[in-house]
Amino acid sequence: MKAIFSKLRPSKRLVVILAAAFAVSAASGGAAVYVGRDKIAARLSEPSASGLECTTLRTLKLGHRGQRWIRMHVKTDRAGGPDRVRTALRVVGALAKKERADLYQVVVLDAAGPQERAAVRGAAVGAEVLFAPGPQSVKGMDEPFRASYNDGTANPDGMFHGRVMSLGLDEVRAIMANMDDHSPCIDPAAAEAEGAGASEASEHPVETAEGHGGH
């Protein structure tokens with residue numbers, strides 16, 4: 001998936017507006033050029049409906065009391081809280097379409113955050129989404145989604161020290177309905193396995209664990 005902010009392509013309408021601004025500037029001393037630039041800057045600063053580009057750190061497939069849980073840790077680079085949670089919602093949707101499970105969990109970390117699995121907790125968590133297609137069968141899940149994000153900015157160590165903000169189910173549904181992109185994160189391990197050929201793919205397995213639950 002292309003980076004949504006840095007590589008956003010202008011629409012045909014925006015191209016026409018920009019062309020018109022340059023045409024007018026030729027006769028008006030360039031004033032219209034600045035108006036056109038302001039419009040472009042405003043458009044590029046708008047938050048993405050689908051979150052940001054992300055990279056998969058690890059995927060854990062867990063067996064828990066006869067259920068199948070999938071936990072994914074992903075990273076984004078210096079993203080704001082709303083963008084992080086939108087990213088997590090997009091990724092959990094892509095994951096649910098790809099694999100069947102009773103509970104899906106996507107945790108978003110900062111690019112400078114911890115790499116170790118045990119360290120993915122507390123201030124390291126920039127956003128988190130839990131999705132249970134049948135919430136009545138998963139302990140602690142009263143609704144299909146639980147989504148939250150830390151409203152702080154990541155420090156140089158990739159840790160967040162702001163407030164944890166929770167989204168209501170209606171907010172989650174509105175965000176997902178408004179998404180115009182449903183791609184997963186970039187997965188370096190999968191790309192490496194694919195490049196090495198099918199014969200070596202088994203050397204890059206997804207991490208699995210049995211009997212370890214909790215969310």
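Worth pointing out:
- Since only 105, 119, 134 are under comparison, the one whose Cα sits farthest along the positive direction of the charge dipole of region 92-137, derived from C-beta charges on Lys, Arg, Asp and Glu, is 134.
- For the pair residue 182 and residue 112, the difference between a 0.36 nm per residue extended length and the Cα-Cα distance amounts to 22.7 nm.
- Region 54-186: C-alpha gyration tensor shape, a/c 1.5 cut-off, then a/b vs b/c: prolate
- In this view, the solvent-accessible surface of residue 60, computed with a 1.4 Å probe and all protein chains in place, comes to about 0 Å².
- Of the listed residues 64, 161, 182, 73, the order by accessible area with a 1.4 Å probe, largest first, is 161, 182, 64, 73.
- A DSSP coil position with no more than 16 other Cβ atoms inside 10 Å describes the following GluC sites (Glu not before Pro) in region 79-175: 99, 116.
- For a label point 7 Å along the Cα-to-beta-carbon line of residue 78, residues of region 97-141 with backbone N under 19 Å: 109-114, 126-127
The values are calculated or read from the model by the stated rules, or taken from the named source; none is laboratory data. Everything numeric in this text was worked out from a predicted model, so none of it was measured. Counting neighbours? That spans all protein chains shown, and the Cβs are built from the backbone with ideal geometry, glycine included. For accessibility, only protein heavy atoms count, side chains too; no ligands or nucleic acids. Shrake-Rupley method; radii C 1.70, N 1.55, O 1.52, S 1.80 Å.
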